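Down below is the structure, laid out as structure tokens.
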Amino acid sequence: MNFHQLIPLVPLIEQIETNSSSLTTECPANKYQLIIVRRGHITILGHDQEPTVCSQAYACHPDQGAYSIQVPKTKTVEYVIITYRMLPDENTWTLQGPLTTLSEIKIHYMLDELIRTTHDLHPLTAEEEAAHIFRKRIMLERILFIYLYESQLTQEKKSSAESIEETLSYMNEHYMVELSLPMLARRAGMSVGYFTVLFKKHTGSTMMNYLYTLRIEKAKQMFLQTDLLAKEVAGRVGFVDYFHFSKVFKKKTGYSPSIFLANQNKI
């Protein structure tokens with residue numbers, strides 16, 4: 001799939017659905033579907049294809065038949081299916097498979113607008129309706145552009161090892177904020193499952209264990225270099241709950257924060 005196909009085509013939204021459960025979807029003839037994950041992750045099974053864990057987006061093509069969307073039983077998931085046409089119908093549109101982006105906030109903002117305007121029951125004049133359709137078309141074009149551009153950029157620019165190295169740099173710079181496995185996997189342009197395997201292979205540790213080790217090392221530095229209270233240090237290295245911090249600190253160092261503080265010169 002490349003931008004040459006997009007130049008002569010005009011995308012028109014036919015339907016937008018929000019879902020949180022497993023289902024099977026099939027693109028009607030001459031129509032396409034874009035699945036955008038807003039929360040959690042899903043597994044997509046296409047015709048004669050390996051299951052794909054998707055935490056960002058997936059493009060469905062009518063030539064591929066039905067797609068099974070599976071939601072993990074113990075996870076909260078929300079995803080949106082946009083059904084759209086590409087005019088003129090006789091032109092080629094081959095977009096299919098997983099899509100990645102670093103611009104999720106931008107995508108989700110436009111998605112909110114599309115959902116809001118699609119379900120707006122306020123009566124419109126003919127002129128307002130035309131403007132309404134045109135605006136939705138522009139937003140869909142923008143969403144497709146972002147996914148196409150950033151998916152290609154991710155594939156061309158980075159090897160898997162480079163993506164993990166970039167993730168480690170990001171964690172070292174942002175250890176004090178909330179970091180989750182799905183979020184870091186999305187940044188790396190990978191499925192959660194694939195990212196988990198590569199991260200463990202590259203570091204010898206799970207993502208959360210690596211993050212906790214990093215935070216505790218930063219906390220030890222703060223204890224040695226500042227007069228901050230233990231609760232203040234806990235907050236500064238990313239722990240919302242002090243008792244959780246204390247438990248992790250003791251597990252990683254063999255000492256509780258209070259004992260570590262009391263014996264700084266001996267440890």
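The values are calculated or read from the model by the stated rules, or taken from the named source; none is laboratory data. What you see is a predicted model, and the numbers here were worked out from it, not measured in a lab. Neighbour counts are summed over all protein chains in view; Cβ atoms, including those assigned to glycine, are modelled from backbone coordinates with ideal geometry.
Would you check which residues across segment 149-178 are at pLDDT below 90 and either buried (at least 18 other Cβ atoms within 10 Å of the Cβ) or closer than 16 Å to residue 3 by Cβ (or both) and list them? 149, 150, 151, 152, 153, 154, 155, 156, 163, 164 - these are the residues of segment 149-178 that are at pLDDT below 90 and either buried (at least 18 other Cβ atoms within 10 Å of the Cβ) or closer than 16 Å to residue 3 by Cβ (or both).
For segment 172-205, filtering for residues that are in a helix (DSSP H, G or I) and in contact with a strand residue (DSSP E or B) (Cβ under 6 Å, 6 or more places away or on another chain) leaves 2. Report whether or not residue 61 is more than 18 Å from residue 185 (Cα to Cα), surrounded by 13 or more Cβ atoms within 10 Å (Cβ to Cβ) and either at pLDDT below 90 or among the small types (Gly, Ala, Ser) (or both). Criteria not met by residue 61.
Among the listed residues 178, 166, which satisfies the condition of being in contact (Cβ under 8 Å) with a residue 40 or more places away in the chain, of a type in the set (D, E, K, R) and not assigned by TED's automatic domain parsing to the domain that holds residue 234? First the steps, then the outcome.
Values: 166 fails: in contact (Cβ under 8 Å) with a residue 40 or more places away in the chain.
Result: 178 is the single residue among 178, 166 that is in contact (Cβ under 8 Å) with a residue 40 or more places away in the chain, of a type in the set (D, E, K, R) and not assigned by TED's automatic domain parsing to the domain that holds residue 234.
Can you find a residue in segment 200-221 that is aromatic (Phe, Trp, Tyr), crowded, with 17+ Cβ neighbours inside 10 Å and within 30 Å of residue 43 (Cβ to Cβ)? Yes.
Per-residue answers, yes or no, for (1) within 21 Å of residue 185 (Cα to Cα); (2) assigned to a helix (DSSP H, G or I); (3) touching a residue at least 40 places away in the same chain (Cβ under 8 Å):
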| site | (1), (2), (3) |
| --- | --- |
| 86 | no, no, yes |
| 89 | no, no, yes |
| 92 | no, no, yes |
| 102 | yes, no, yes |
| 116 | no, yes, no |
| 122 | no, no, no |
| 128 | no, yes, no |
| 134 | no, yes, no |
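What number goes with the only condition from (1) at pLDDT below 90; (2) surrounded by fewer than 13 Cβ atoms within 10 Å (Cβ to Cβ); (3) aromatic (Phe, Trp, Tyr) that residue 243 does not pass? The one condition residue 243 does not meet is (1).
For segment 222-240, how many residues meet the condition of being hydrophobic (A, V, I, L, M, F, W, C) and surrounded by fewer than 16 Cβ atoms within 10 Å (Cβ to Cβ)? Residues in segment 222-240 being hydrophobic (A, V, I, L, M, F, W, C) and surrounded by fewer than 16 Cβ atoms within 10 Å (Cβ to Cβ): 4 in total. When residues in segment 31-43 are screened for being of a type outside the set (Val, Ile, Thr), under 13 Å from residue 182 (Cβ atoms) and part of a strand (DSSP E or B), 2 of them pass. Beta carbons closer than 9 Å, at least 6 apart along the sequence or on distinct chains, pair a first residue in segment 44-70 that is within 24 Å of residue 104 (Cβ to Cβ) and part of a strand (DSSP E or B) with a second that is modelled with pLDDT under 90 and acidic (Asp, Glu) for 60/26; 67/26. Within segment 94-115, is there a residue that is in the same structural domain as residue 150 (by TED's automatic domain parsing), at pLDDT 90 or above, farther than 14 Å from residue 139 by Cα and out of contact with any strand residue (DSSP E or B) (no Cβ under 8 Å at 6 or more places or on another chain)? Scanning segment 94-115, I find at least one residue that is in the same structural domain as residue 150 (by TED's automatic domain parsing), at pLDDT 90 or above, farther than 14 Å from residue 139 by Cα and out of contact with any strand residue (DSSP E or B) (no Cβ under 8 Å at 6 or more places or on another chain), so the answer is yes. Note on segment 115-148: residues that are among the hydrophobic types (A, V, I, L, M, F, W, C), within 28 Å of residue 96 (Cβ to Cβ) and surrounded by fewer than 15 Cβ atoms within 10 Å (Cβ to Cβ) amount to 4.
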